[in-house]
Each structure stands twice: as C-alpha cells, then as structure tokens.
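Working notes, structure below.
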Amino acid sequence: MYETHPQAINALSDTSLKELDREKAAKYLTKHPTAEGIDALIAALDTGDYGVRWTAAKSLASLGQQALPALLKALLSSQQTSRMREGAHHVLKDNRSYIVRDQTKNLLAALESAEPEIASMEAASELLRELDA
C-alpha cells in the first residue's frame with residue numbers, strides 16, 4: 001500500500017483515513033525505520049484512535065534501542081499528554097530489547113507514579129544524559 005516513507009508518514013498522521021490504513025502505515029514505518037518515521041510513530045502515540053496508538057507503541061517497542069532517544073526527547077516536551085505517557089509506558093514495558101527494559105526501569109516507575117508529568121520528565125532527562133555520555 002505504501003511505497004515511500006513520506007506516503008506512510010502522511011497516512012499515519014491523517015486522521016481522516018480509516019484506522020486500519022493508519023495502522024498499515026505504522027507497520028510500514030516499522031519495517032523501514034528512519035528517524036522521521038520514528039518521530040511519526042511517536043507522534044501517533046497521542047492520536048485519538050486507540051488502534052493507531054496501540055500499533056504505534058508496538059512498532060516502537062519492536063524497534064528497541066533505535067527508538068529510545070527520540071521517545072525520551074518526546075517525554076521531555078512540555079506538550080506531553082497522558083496518552084503520550086501511556087504509549088511510552090507500553091513501548092518501554094514491552095520493548096523487545098532487554099537492554100532498553102533494564103535502562104528504563106526508573107522511567108517506568110516514574111510513568112507509574114502519582115505525579116507522572118514531572119517525574120517522567122526528570123527520569124527521561126536523566127536517562128538521555130546517560131545515553132549521551
């Protein structure tokens with residue numbers, strides 16, 4: 001259905017398309033990962049369509065370490081929402097990479113805390129500094 005990254009990225013963000021078509025776009029971006037595709041999958045964690053959010057989270061989880069820095073940066077945004085945090089939780093908890101699951105234990109705890117908005121930003125920032133070091 002999709003032959004290029006721009007087609008898939010546009011389809012994933014187009015809320016006028018059927019949920020199934022958007023999910024197919026997410027799957028295309030997973031099979032052909034790029035930085036732009038990962039950013040589009042992260043943005044899809046905040047969409048109103050549950051199936052698209054779920055597919056985007058599964059896709060990011062399957063990308064393992066490759067998607068982690070961009071996800072951490074998204075969690076640092078003052079624009080983060082509860083849907084974004086819920087999606088990030090799914091990405092981290094079900095990540096295919098044992099290393100990512102191990103690295104993000106504190107972040108997962110922050111996402112599950114009573115004040116996840118601030119706690120997740122702090123944990124994401126700390127982990128991003130560790131990864132950059």
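Every read-out reported here was derived from the displayed coordinates using simple, explicitly stated rules and does not represent laboratory data. Quick caveat: nothing in here was measured; it's all calculated off a predicted structure. Every residue, glycine among them, receives a Cβ derived from its backbone with ideal geometry; neighbour counts consider all protein chains shown.
In table form, for the structure just shown:
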| item | result |
| --- | --- |
| Calculated FRET value between K18 and E86, using beta carbons and R₀ = 35 Å, to 0.05 | 0.95 |
| Rg [Å, one decimal], Dmax [Å, integer] - segment 5-132, C-alpha atoms | 13.7, 40 |
| Pairwise FRET efficiency - A109 versus D49, Cβ, R0 = 35 Å, nearest 0.05 | 0.80 |
| Links that overshoot a 18 Å alpha carbon limit, given the list K24/K58; K18/K93; K24/K93 | K18/K93; K24/K93 |
| The chain: calculated mean residue ellipticity at 222 nm from DSSP helix runs of at least 4, using -39500 (n - 2.57) | -21500 deg cm²/dmol |
| Where only alpha carbons of segment 1-58 are counted, the Rg and the Dmax (Å) | 9.5, 26 |
